[in-house]
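K.L.:
Submitted below is the structure of interest, expressed as structure tokens.
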Amino acid sequence: MRILFLCKGNICRSPTAEAYLQGRRPWWYVRSAASTNNTKGMGTYRPMVESAYKEGIFIDQNRSVVSVDDIDEEFHEIHDLDTELISDPYITRNFQMTISQIKQYVDRLITRIEGTA
């Protein structure tokens, strides 16, 4: 299974979803990217990395933001976390709420794909 997660900046939500899903399904190919070029070249937002770490989600904080325009791979599914109404912790400052939303979203995604409860 090849999954791509998108969000506006690829500094909080999509890298967290990528890391969480990769931890749950390491045999799946999972990537994340920004839907805009505003943050290209930046790393993952440090407060998000720290909050995710407390939840057992390990994000490489030195990774560089990738724009969706830079990806030339094909994916089975693309999930835009902006349209899925996952809160943006860069704005809300509520990292724990966003992590909880991401975990629920990804867990539902796994259940739907694998057809298990």
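K.L.:
Under the rule of at least 5 residues apart or a separate chain, name every residue whose amide H is placed under 5 Å from the amide H of PHE5.
P.N.:
For PHE5, whose amide H was placed from the backbone, the distant partners under 5 Å are ARG31, SER32, ALA33, HIS79.
K.L.:
Please compute the net charge surrounding ASN37, taking Lys and Arg as +1 and Asp and Glu as -1 over other residues with Cβ under 13 Å from its Cβ.
P.N.:
0
K.L.:
With an 8 Å Cα cut-off and a minimum separation of 6 or more residues, compute the relative contact order for the chain in percent.
P.N.:
32 percent
K.L.:
Add +1 for every Lys or Arg and -1 for every Asp or Glu among the other residues with Cβ under 12 Å from the Cβ of GLY9, and state the total.
P.N.:
My count for the surroundings of GLY9 gives +1.
K.L.:
Looking at region 12-75, which GluC sites (Glu not before Pro) are DSSP coil and have at most 13 other C-beta atoms within 10 Å of their C-beta?
P.N.:
GLU73, GLU74
K.L.:
At a Cα cut-off below 22 Å, give the lysines reachable from LYS103, other chains included and same-chain residues fewer than 8 away excluded.
P.N.:
Answer for LYS103, where 22 Å is the Cα cut-off: LYS8, LYS54, listed by chain and number.
K.L.:
As a footprinting exposure proxy, order THR16, THR36, THR92 by other Cβ within 10 Å, with the fewest listed first.
P.N.:
In order of increasing Cβ crowding within 10 Å: THR92, THR36, THR16.
A short reminder: the numbers here are calculations on the coordinates, not readings from a lab. Keep in mind it's a predicted model, so treat the numbers as computed, not measured. Cβ atoms come from the backbone with ideal geometry, glycine included; neighbour counts cover every protein chain shown.
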